[in-house]
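Single-structure report; data block below.
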Amino acid sequence: MDPHYHPVLVISLIAVVAPLIAELPFRFRVPGVVLEIVLGIVVGPQVLGLVRPEGIVTALGSIGLCFLFVLAGIELDFRRMRGRPAQLAVGGWVASLALGLGAAGLLSWSGLIGPPLLVAVALTTTAIGALLPILRDAGELTRRFGTLTLAAGAMGEFGPLLLLSLVPLTAEKTFEGNVLVLAGFVAVAVAAAVTAMRVQPPRFLVLLKRHLHKTSQLPVRLAVLLTAALVVAAGELGLELLIGAFAAGMIVGVVTRGEEAEPFHHKLDGLGFGFLIPIFFVVTGVKFDLKALLESGEALACVPLFLGLFLVVRGLPVFLYRRELGGRDRLALAFYSAAALPVVVAITEVGVETGQMRPGTAAALVGAGMISLLVFPQVAVALRAHAGPPDPAAEPTPHPPEAASSAA
C-alpha cells in the first residue's frame with residue numbers, strides 16, 4: 001500500500017468543501033450531494049487517482065448508503081400516509097412500472113440497451129433519502145404536499161427494491177424461492193417491530209433516556225445494532241441489503257415518534273448526514289465509470305434520454321393526484337418524484353455484476369440520475385415558491401410519552 005495514499009482524508013475534505021461551495025452566492029445553487037459526487041469523480045481513479053474504490057472506501061460507502069435508507073425509513077409517518085396518500089403512492093408507482101417497462105422494451109428493441117427489465121426498474125425510482133434535507137429545509141414535511149411527496153418517494157424507493165428482490169437475476173434463483181425468502185424476512189422484520197413496540201420495560205426506558213446524553217449513547221447504538229441485524233438478515237437471505245436498512249429505519253421511526261424523540265433523531269441525523277452519507281455520495285463519484293460513458297457515443301446519447309424518461313415515467317402518474325393537488329403542485333410533485341440516484345446506483349451495480357446491464361448503460365443511468373438530482377428538485381422548489389406557511393393541521397400528532405420515551 002502506498003504510504004502516501006490517504007483516501008479517508010480526501011473524502012473528509014470533500015465532505016467539508018462541498019456544502020461550502022453550495023453556499024456560494026451563485027444564481028443557480030448546486031446541491032451538496034451533487035457536488036460530492038462530482039468531486040468524487042475528480043479524485044477517483046479515472047481523473048486524479050487520489051481515491052480508489054476498494055477496501056475501507058467501498059465499505060464506508062456501503063454503510064453510508066444503508067444509513068441513507070435508515071433515515072428515509074425513520075422519516076415515514078404511517079399515520080399520516082395511510083389512506084389516500086398510500087393509495088396514490090402505490091397506484092402511481094404501478095403506473096410508473098408499466099411506463100418504465102414499455103419505454104425500456106422499446107429501447108431494448110432498438111438496440112440502445114440490453115435486457116430491459118433492470119433499466120425499467122431503475123426508471124421507477126425516487127431518491128427520497130437524498131430529497132429529505134431539501135423537503136425539510138423548505139418546510140414541506142409539515143404540509144399535506146410533503147406527506148404526499150414522502151409517500152410517493154417511499155414507494156419509489158421500496159417498490160424497486162422489492163421487485164429487485166423478487167425477480168430471479170441468476171440461474172440459481174427462482175421467483176417462488178425469492179417470494180419465500182422475502183416472506184421470511186418480512187416475518188423477521190415484523191417480529192422485531194412488535195418486540196420493539198410492546199416490550200418496553202419502564203426501567204429500561206429510563207436507562208435509555210439517561211444514556212442518551214452520556215458517552216455510551218446507548219439508544220444510538222441500539223439503532224445501529226438493529227440496522228446491522230436486519231441488513232445482515234437480508235444479506236443472508238439473498239435479498240438487497242437496502243431492504244434491511246429501510247425496514248430498520250421504519251421500525252425505529254414507528255417506535256420513536258413525538259417531541260421527546262427529537263434529540264435522538266438529531267443524533268442519528270448527525271451520524272448520517274454528518275459522517276456516513278456524504279461518504280456514500282463521494283464514493284458514488286469515485287466508482288462512476290466515466291471511461292465507459294465517454295468512450296461510447298451511444299451511452300453518452302442515452303444520458304439525456306434517460307433523464308427525460310425519469311421525468312416521464314415518474315412524472316406522468318401525478319395525474320392521479322388531480323383531486324388532491326393543483327396543476328402547479330402536481331408538476332412540482334412530478335419533478336420531486338423524478339429525482340433519482342441511490343437506488344439507481346444499487347440497481348446498476350447488480351445489473352453489471354449479473355450481466356443484465358451493459359457498463360455503458362449503467363454509467364448513462366447513473367449520470368442521468370446525477371443530473372436529475374441536480375436539476376429536478378430545484379425546479380420543484382421554484383414551483384412550490386407560492387406555498388404559504390406550513391399548515392398546523394398537517395403537523396404530526398406526537399405519540400404518548402411512553403412510546404416516545406423509548407427514543408431516549
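The values are calculated or read from the model by the stated rules, or taken from the named source; none is laboratory data. Predicted model only: the values in this text are computed from it and were never measured. Ideal geometry is used to build each Cβ from the backbone, glycine not excepted, and the neighbour counts take in all protein chains shown. Just so you know, the surface numbers come from the protein's heavy atoms only, side chains and all, with ligands and any DNA or RNA stripped out. Shrake-Rupley method; radii C 1.70, N 1.55, O 1.52, S 1.80 Å.
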Out of Ala385, Ala122, Ala72, any idea which swings most in a Gaussian network model of the chain, alpha carbons joined below 10 Å? Ala385
Classify region 181-246: rounded, prolate or oblate, from the alpha-carbon gyration tensor (a ≥ b ≥ c, eigenvalue square roots; a/c under 1.5 rounded; otherwise prolate if a/b is larger than b/c)? oblate
I'm spelling it out carefully: the read-out is Cα Rg over 2.2 N^0.38 Å, the candidates are (i) 1.00; (ii) 1.05; (iii) 0.96, and one was derived from this structure. Which label? (iii)
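Which longest uninterrupted range of the chain lacks any chymotrypsin sites (Phe, Trp or Tyr not before Pro) assigned by DSSP to a loop state (not H, G, I, E or B) and surrounded by at most 11 other Cβ atoms within 10 Å? Can you show the working numbers first?
Working: sites that count: Phe26, Phe28.
Within the chain, the longest run free of exposed chymotrypsin sites (Phe, Trp or Tyr not before Pro) spans 29-408.
Per residue, what accessible area does the chain have, given a 1.4 Å probe and all protein chains present, in Å²? The partial results should precede the final answer.
Numbers: 18170 Å² over 408 residues.
Roughly 45 Å² per residue, with all protein chains present.
Of all trypsin sites (Lys or Arg not before Pro) in region 172-219, which ones are in loop regions per DSSP and have a Cβ with at most 11 other Cβ atoms within 10 Å?
Passing sites in region 172-219 are Lys214.
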Probe radius 1.4 Å, ligands and nucleic acids ignored: give me the carbon and sulfur share of the accessible area of region 1-146 as a rounded percent. 71
Quantify, in whole percent, the carbon and sulfur part of the accessible surface of region 206-278 (1.4 Å probe; protein heavy atoms only). 67
When the chain is treated as a GNM, springs tying every alpha-carbon pair under 10 Å, which of Ala98, Ala339, Ala261 comes out with the largest mean-square fluctuation? Ala98
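Quote the charge dipole size of the chain about the Cα centre in Debye, to the nearest 20; the model charges only the Cβ of Lys and Arg (+1) and of Asp and Glu (-1). Before the final figure, lay out the partial values.
Numbers: 28 positive and 27 negative charges, 189 e Å.
My answer is approximately 900 debye.
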